[in-house]
1. Kindly put A:S109, B:S147, A:S242 in sequence by how many other C-beta atoms sit within 10 Å of each C-beta, fewest to most.
2. In the structure shown, do any of A:K225/B:K393; A:K147/A:K239; B:K318/B:K425; B:K155/B:K212; A:K239/B:K207; A:K204/A:K239 have a Cα-Cα gap over 23 Å, and if so which?
3. Could you tell me which trypsin sites (Lys or Arg not before Pro) in segment A:236-286 are loop residues by DSSP with no more than 11 other beta carbons within 10 angstrom of their beta carbon?
4. Pick out, in residue order, every one of the trypsin sites (Lys or Arg not before Pro) in segment B:298-368 that is DSSP loop and has at most 13 other C-beta atoms within 10 Å; say none if there are none.
5. Starting from the 7 Å offset along Cα-to-Cβ, what nm value, one decimal, do you get for the label separation of A:Y120 and B:R414?
6. Quick check: from the Cα gyration tensor, does segment B:273-433 come out rounded (a/c under 1.5), prolate or oblate?
7. Rounded, prolate or oblate for segment B:290-339? Axes are the square roots of the Cα gyration tensor eigenvalues, ordered a ≥ b ≥ c, and the cut-off for rounded is a/c under 1.5.
8. Grab the beta carbon distance between B:S42 and B:L177, set R0 = 35 Å, and tell me the FRET efficiency rounded to 0.05.
Amino acid sequence: MAVGIMRNSVLIFLVEALFLPSICYSNCGLKNKYLTIPKNFFEVVCDSIKCAVSIYDGAVRQDGYGCDSKQEFLEYVKTTLGRDLDEKYAGPYMLNRFARVYRPDIIQSGCDYLKVVPVYNVDTVTAFLEPLQEGLCPVFMNMNYGKGLYEAKIERVGPVWRISFYHNSKSLSDESEFTFFERPFRLFVEPCRNGKCRFYSAEKLPFARSSYEKAVLVNNIDRIKAECSFVQLIEDPEKIGSGFFVVNGFGKCKIRIAQKRGGFENVWVNVVQHDGMSRVYIEGNE
Amino acid sequence: MTILFFVLCILLMSCGNEKNSSEIKTPKKEYSVLKTMSEEQSMIKYKKTYWMKFTQSKQCTNASCDMSWKDALNACPSGWHLPDQYEWEMFIGEKYPQRDSLNIEGFPFSNLFFWTSSYRVSTKKDEVFVPLFVQFFSSINSNLMNSPSKILCAKDEDNEKSYFKKNENFFYGIADLELNQPSCIDGNIYLDYSSEILLICDDNGLKSLEKKLKVISDTVDSPIDSVVSKIKFLPPCSVGMKNHTFMLGDFRMFTCTDYGWKSVGILKQEDVIRTDIRDKNVDYKVVRVDSVEWIAENLNRTVPGSACYENKKENCLKYGRLYNSNVEGLCPNGWRLPRRRDWVALFSRFGLNGAYIRSKEDWFLDFRENKDVGLSVYPAGYYDGNFTDFSMKTGWWSYDDENVLYAVLFDGERFSHNYSVEKNKYYVRCLRVVN
């Protein structure tokens with residue numbers, strides 16, 4: 001082999017061996033692809049009034065960043081992400097993670113009894129969720145890891161709220177003309193654009209296709225009716241959702257979805273205007 | 001000492017050097033050390049392919065360089081190429097003595113990501129071409145996020161084939177100029193799917209040759225052991241696909257040759273004929289598909305051990321009977337149980353489209369279309385200890401290629417199978433081959 005080269009270089013490499021542990025971690029701020037992403041890509045901490053949601057969006061996580069010191073990490077975040085992180089974090093939402101700054105569409109609540117409140121000045125918290133009643137609510141998490149529809153179960157446990165999120169995984173196969181979900185859900189409506197709001201409804205299958213395919217997205221618009229004058233229904237040509245609501249007003253509306261196994265699923269929705277844009281929420285009990 | 005030397009080399013190579021620190025020597029040092037090795041020492045030979053031991057490309061001057069797939073396709077030095085998924089699969093999949101010494105031989109750590117030149121195609125509008133990459137030196141996945149990765153270059157022992165780059169009857173892969181066209185490999189010829197115009201990859205862009213692919217319009221018999229797919233776009237014709245025939249959703253067939261995809265014609269489809277036969281005072285509806293006659297309904301002969309779904313007589317009348325594994329002699333004289341190949345031939349004959357096979361009614365799922373040729377497969381479920389899957393699926397007793405009795409299942413869109421069938425009951429459909 002290259003014995004000559006070896007001999008000349010042995011000394012250099014022996015010296016560097018002393019610094020071995022730090023060699024690989026000298027590059028503070030490298031995007032480490034080999035992070036262990038936590039099972040839940042976000043954390044929810046509640047008190048008697050509201051819940052704080054912290055989302056790991058894969059970009060900010062100290063222990064994966066190979067920085068030699070916390071100070072070095074804070075400097076990196078400042079120069080690269082333009083954010084000032086305070087070393088101390090205010091309770092009661094004290095968490096050991098770093099969450100991303102709130103984006104308007106990162107958490108989309110599908111019901112009017114779970115309000116999403118943006119947070120701008122607490123770095124560990126992405127948004128607050130304010131529950132108004134117990135129940136199930138579809139929530140869409142628009143983040144890089146773990147993106148998708150979740151079923152939020154809102155409960156009151158003693159004096160404190162509790163929200164459990166269950167990822168309603170969607171089948172990714174493009175071999176089927178249908179989209180399958182792990183769990184059925186009555187309705188979820190995306191934020192509207194120019195008065196058009198894509199919506200989803202998934203009904204339970206009589207027999208599961210697989211352990212992750214127990215419900216199917218309703219894709220036949222003829223089975224769905226909006227019983228109010230200011231909501232019309234049109235097909236989704238891309239077949240991503242069940243269809244589109246076209247809204248030209250606001251107020252309460254009943255959506256009626258004929259079920260394959262008979263009967264109807266009736267969902268009351270609230271069409272509201274936010275900053276000139278329409279949103280359609282599942283209505284809570286009065 | 002030798003081992004320590006190489007281990008240290010590798011460790012240093014695998015760490016980034018974006019930030020200089022006073023304690024660390026710059027990585028370029030060990031790279032320049034390696035550069036003095038002769039070419040033979042910087043390569044590993046596996047079968048008929050040489051693999052470069054580290055990323056050494058036009059764009060990268062340092063062994064830890066990551067790049068986009070677009071850059072990766074054309075980043076290998078002259079005479080070398082970016083290996084496709086099949087070359088990678090052969091390299092990482094099989095054991096050979098040198099592999100255990102990979103780390104010592106100067107190969108990068110196995111916890112790195114490497115591009116392949118292959119891409120996955122799908123029918124999704126916004127995700128037509130998704131590049132594939134090697135993960136942890138053990139598996140090949142789609143890189144949905146398109147994150148930059150490393151490359152290793154390979155070259156064939158008998159030098160790169162340049163024949164197909166000039167011959168316009170062969171093409172490397174499909175491009176769609178309206179949707180996301182794949183990044184391309186310089187000098188290769190691609191086919192635009194919609195216009196069938198040949199494109200040449202020139203300076204990382206696809207340019208029209210203003211010539212169309214010569215498509216053979218003759219009809220060909222479907223080779224039933226070929227891979228047939230209803231995908232819209234073909235992936236690159238790579239090592240593992242040699243001599244396999246693919247069929248696009250419009251029944252055009254292409255074979256992967258040494259030089260690229262070649263059009264071989266259009267799938268021959270004879271008319272499907274519906275007839276009736278009478279056997280021992282029983283009438284059967286028959287559908288003839290090419291040279292095979294299928295009885296177009298499930299058997300309904302009462303034998304011990306057979307049952308109706310949920311033990312309801314009306315189910316037997318409409319859907320036939322469920323039988324246990326004593327299938328000897330169930331079919332009428334001259335007819336037999338299907339084999340795996342019969343199902344493959346049937347399904348491929350209809351372009352893997354279940355619409356031609358399933359019944360118009362009784363399916364829970366709202367299928368978009370129905371083109372039942374008369375086979376009228378109902379989702380009549382089956383029995384696996386319980387009566388199950390009614391309105392979603394059904395299954396029949398069949399034989400596999402080794403003559404093992406098993407169950408073939410159909411869910412309206414695709415076929416599957418099950419070998420754990422001892423105590424199960426399935427339906428029976430019989431067929432015979434006619435000349």
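Bear in mind these aren't lab numbers, they're just calculated from the coordinates by the rules spelled out. Since this is a predicted model, take the numbers as computed values, not measurements. Glycine also receives a Cβ, built like all others from the backbone with ideal geometry; neighbour counts cover every protein chain displayed.
1. B:S147, A:S109, A:S242
2. Checking Cα-Cα distances, A:K225/B:K393; B:K155/B:K212; A:K239/B:K207 exceed 23 Å.
3. The qualifying sites are A:R261.
4. B:K312, B:K360, B:R368
5. The answer from the label model is 4.8 nm.
6. Rounded, because the longest to shortest axis ratio a/c is under 1.5.
7. Taking the square roots of the gyration eigenvalues as a ≥ b ≥ c, segment B:290-339 is oblate.
8. 0.35
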